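Below is one structure, written out as structure tokens; comments come after it.
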Amino acid sequence: MAAPDQENLPHQRLHTLFYRSCLSLSRRTLNLAARTLRAHRKNTGSRWRRLDPAQQALLVLVHLHKGEVFTQVAAGFEVGTTTAWRYVREATVLLAEQAPTHEQGLRRARRMGWGYVIVDGTLIACDRA
């Protein structure tokens, strides 16, 4: 026996709905990520990609800032789920390479005469302990 909602609407199919969203991030953040990706592609002689560096950067920022799952981000940018995962991994590795180490940060704080530093991070949902 079919579920009641399926009996009433047998002609309807599943549809994907897209929505626009606003990110509370600066254009400077987007440009930094896009420049980093563009330089990496040029240095490695990367082949054609589905998204240009700016769109890839936006996809990455949406995932990191909003916590959207890869299937949702992929659908929004019209790429495959695996491609979205690869794009995010590639960008986070490249951006992490630019970040100073803790030691470099502490040296800078000492040079600047700062009495303390605040280490900030982002918690990302995880299904494992």
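The values are calculated or read from the model by the stated rules, or taken from the named source; none is laboratory data. All figures in this text were calculated on a predicted structure; none of them were measured in a lab. Ligands, DNA and RNA are stripped out before the accessible areas are found, and what is left, the full protein with its side chains, is counted by its heavy atoms. Shrake-Rupley method; radii C 1.70, N 1.55, O 1.52, S 1.80 Å.
For the reader, a short list of remarks on this structure follows.
- The 1.4 Å probe gives accessible areas that order H63, H102, largest first, as H102, H63.
- Solvent-accessible surface of the stretch 39-98, taken per residue with a 1.4 Å probe and all protein chains present: 61 Å².
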